[in-house]
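K.L.:
My structure is below; once you've seen it, I'll send some questions.
Each value in this text was obtained by applying a stated rule to the coordinates, not by laboratory testing. On a predicted model such as this, the values are computed, not experimentally measured, just so you know. When we count neighbours, we look across all protein chains shown, and the Cβ atoms used for this are built from the backbone with ideal geometry, even at glycine.
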């Protein structure tokens with residue numbers, strides 16, 4: 001009897017972390033893609049019902065999402081998806097301007113140019129508004145392009161920080177890109193950057209990287225300021 005009980009425990013125990021990983025990935029995906037809008041209040045029972053998962057994996061997933069700053073705990077009420085603010089946007093682009101041009105300089109002569117060209121082609125394919133999957137593919141390719149450059153520096157911490165910055169941008173971009181087709185505006189002129197990186201021209205790569213980030217910042221801010229829908233979703237008050 002004791003042996004049977006131990007055996008059952010050993011069988012069940014490994015399943016909880018696996019289910020927690022699944023819960024984390026599914027909830028995080030829906031937050032990042034704005035299927036769960038910024039500022040939305042959520043609760044464990046609600047998430048358990050929606051994702052058909054038990055309390056333990058959902059609770060573990062929420063702990064990780066709090067650590068990621070994607071949700072915040074509200075005492076006696078549950079959780080709230082972290083709002084996205086204009087200050088967040090300014091902060092993210094400010095950090096990108098600090099890190100990515102320097103990474104481009106460091107990566108010059110070290111990148112896998114064919115890989116970057118494949119990723120650039122995926123970006124140029126664009127996306128369809130109101131099609132979350134095509135927007136996700138577009139943004140994933142763009143993020144992979146920039147992270148690949150950072151990884152070529154050999155500094156994994158730098159690559160991780162740049163990946164996190166792009167992930168933090170994703171929610172806002174999902175909102176903005178879903179309003180209308182901005183493919184033409186977001187046609188990434190990555191190829192000049194790839195050429196500079198491939199020939200080992202760090203100075204030019206750094207300049208091009210900075211120019212592209214500044215152009216992206218202007219495009220994003222313009223989209224926000226001209227869309228009442230995005231303004232209403234992005235600009236929120238302090239937490240209760």
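K.L.:
Projected area of region 21-180, taken from the Cα convex hull and averaged over every viewing direction, in nm²?
P.N.:
That works out to 10.4 nm².
K.L.:
From a point 7 Å beyond the Cα of residue 41 in the direction of its Cβ, which residues of region 64-85 have a backbone N at a distance under 14 Å?
P.N.:
Counting only backbone N, you get 72-81.
K.L.:
Then there is this: Please give the FRET efficiency for residue 156 paired with residue 76, using the beta carbon to beta carbon distance and R0 = 45 Å, rounded to the nearest 0.05.
P.N.:
0.65
K.L.:
May I ask you to order 102-113, 70-81, 189-200 by the average number of other C-beta atoms within 10 Å around their residues, highest value first?
P.N.:
102-113, 189-200, 70-81
K.L.:
Can you give me the distance in nm between label points at residue 90 and residue 29, each placed 7 Å from the Cα along the Cα-to-Cβ direction?
P.N.:
Output for this residue pair reads 3.6 nm.
K.L.:
Beta carbons within 10 angstrom, averaged per residue: use that to sort the peptides 138-147, 40-49, highest first.
P.N.:
Going by the mean number of other Cβ atoms within 10 Å, highest first, we get 138-147, 40-49.
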